[in-house]
1. Ranked by Cβ crowding within 10 angstrom, fewest neighbours first, how are 90, 425 ordered?
2. Expressed in nm², what is the orientationally averaged projection area of the convex hull enclosing the Cα positions of the stretch 1-127?
3. Suppose the Debye formula is applied to equal point scatterers at every Cα of the stretch 80-132; what is log10 I(q)/I(0) at q = 0.17 Å⁻¹?
4. Sort the stretch 233-288 into rounded, prolate or oblate with this rule: let a ≥ b ≥ c be the square roots of the eigenvalues of the Cα gyration tensor; rounded if a/c is under 1.5, and if a/c is not under 1.5, prolate when a/b is larger than b/c, oblate otherwise.
5. Cut-off under 16 Å on the C-alpha distance; same-chain residues fewer than 8 positions from residue 256 excluded. Which aspartates and glutamates are left, in chain and number order?
6. Expressed in whole Å with the largest first, what are the equivalent ellipsoid semi-axes of the chain derived from the C-alpha gyration tensor as the square root of 5 times each eigenvalue?
7. Suppose every Lys and Arg Cβ carries +1 and every Asp and Glu Cβ carries -1, with no other charges. What dipole size does the chain come out with about its Cα centre, to the nearest 20 debye?
8. Taking the Cα centre of each part, how many Å lie between the stretch 393-447 and the stretch 173-226?
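Where a number appears in this text, it was derived from the coordinates with a stated rule and is not lab data. Predicted model, so just to flag it, every value in this text is computed and none were measured. Here Cβ is always computed from backbone atoms with ideal geometry, including for glycine, and neighbour counts include all displayed protein chains.
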Amino acid sequence: MEQFGTRKVRVMLVPLPLQGHLTPMLQLASVLHLRGFSVIVAHTEFNSPDPQLHPDFTFIPLKDGVCSPSANLLDMIAAINTNCMEPLQKCIVEQQGQVSCIIYDSLLHFVDTLAHCLKLPAIFFRPTTAVYMQSYLALLSLHEKMIIPLPESQLEEPVPELHPAIRFKDLPLSVLSKMSQVLIDFVKSFSDIKSAVAVICNSVEILDDFSLQHQYQVPFFPIGPLHKMASSSSMQTSLLQEDPGCIAWLDKQGLKSVLYVSLGSVATLSSEVLVETAMGIANSGQPFLWAIRPSSVAGSEWIECLPQGLREVIQERGMIVKWAPQKEVLAHPAVGGFLSHCGWNSTLESMSQGVAMICMPFFGDQRINARFLVHVWEVGVEIGNKADRKSIEEAVRVLMVEEQGKDMRLRAAEIKHKLHLSTVKDGSSCRALDDLVEFITSLSAPK
Ligand code: UDP
């Protein structure tokens with residue numbers, strides 16, 4: 001990489017402190033460090049990454065005033081956008097013009113405002129797909145054209161401005177009622193790249209639709225899957241303690257026999273859904289590994305609401321942990337399927353290992369990802385997030401035992417191969433990364 005004198009080009013990254021956002025930002029940090037940049041991570045104290053796990057980066061904590069995980073994510077994001085402005089300004093000023101650009105999570109729009117004032121180039125980072133970004137623009141356009149609210153009878157119809165697989169009911173926000181001003185403002189701030197000079201996306205040509213990039217009129221760099229592009233795929237980014245015991249348990253299971261179950265770091269479920277899911281999985285007779293986060297079941301600390309009898313049945317052929325080393329689990333030869341909420345990181349991690357999925361989407365981009373998994377790439381079975389035990393049992397059988405599941409696994413294996421090709425020399429993500437490196441370097445070139 002080009003350097004000016006002996007000084008490395010320095011970039012500052014500002015992640016959002018949620019697992020699904022922090023992980024790809026740290027992976028991006030690793031990718032940039034690998035390409036010769038010096039990396040500063042300016043992060044909130046809340047859900048702080050562990051600097052000891054990443055000795056190659058400089059970490060600067062920002063006072064955020066978020067003392068406990070708020071039940072309302074929008075409130076937490078708003079608080080960070082307000083409270084971190086001053087500390088980040090101080091942090092940038094202390095760098096005395098040594099930072100070439102600042103790369104910020106798409107939900108932290110205050111960074112753009114600040115960077116603009118300080119005349120520092122800002123780059124907008126989206127940890128999700130371009131199609132998801134497009135879905136917000138479609139929502140705004142539906143609102144402006146006064147098409148929202150829609151009658152329930154139209155929910156199954158495709159959204160005209162989006163990929164034909166996406167129906168009105170898959171959009172990230174309900175179209176059955178008018179959008180409140182707060183929501184409109186949120187959607188605008190979320191989809192507006194303001195003065196950003198470029199967009200980086202944890203996405204990849206073969207799984208996405210980049211027609212959106214023309215609307216933004218700035219360079220667009222899809223360099224995903226970032227966990228494949230980072231220096232080590234086992235890079236530690238978990239905010240919760242991973243339970244390594246499940247790998248020893250997987251070692252004892254048959255080839256592709258285990259269903260891995262995880263609903264990510266944010267989704268919560270009712271005790272009824274937990275019990276139905278547990279019954280469905282137990283009745284399928286398939287071995288399984290289930291990661292259930294503490295406090296992810298409403299009204300419970302963990303899994304107290306599972307009846308004792310059911311727990312015993314589960315114990316016979318399954319393992320439940322609080323947090324799994326997910327990438328390692330998905331790479332394990334014993335894992336044959338993944339029941340997932342379809343968060344984008346989980347989707348990319350599963351596809352990178354050729355693991356077909358059962359899709360139980362909840363909110364945000366998850367419904368859109370699920371639609372692509374099931375209807376476009378044909379590597380998933382959809383069950384929604386309120387499925388009863390019978391449909392869950394049936395879905396597990398289809399994926400793990402039946403011919404249909406075998407075909408899905410074959411297609412998932414093809415995607416795995418294509419994803420690999422995207423990340424090596426001459427692959428689309430690798431080329432986009434070369435262009436990004438050149439772009440960032442040019443920002444600090446003497447003018
Ligand atoms: N994850 C993990 N262990 C678990 C559950 C999840 O390491 O037991 C990781 C997973 O590998 C992924 C992230 O948490 O990188 C979840 O991100 P995703 O975008 O899939 O969903 P979100 O948590 O944002 O809803």
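1. Ascending Cβ contact count within 10 Å gives the list 425, 90.
2. For the stretch 1-127, averaging the hull's shadow over all directions gives 7.6 nm².
3. -0.52
4. oblate
5. 328, 402, 403, 407
6. With the √(5λ) rule applied to the chain, the semi-axes are 36, 25, 22 Å.
7. Its charge dipole is roughly 680 debye.
8. Distance between centres, Cα-based: 20 Å.
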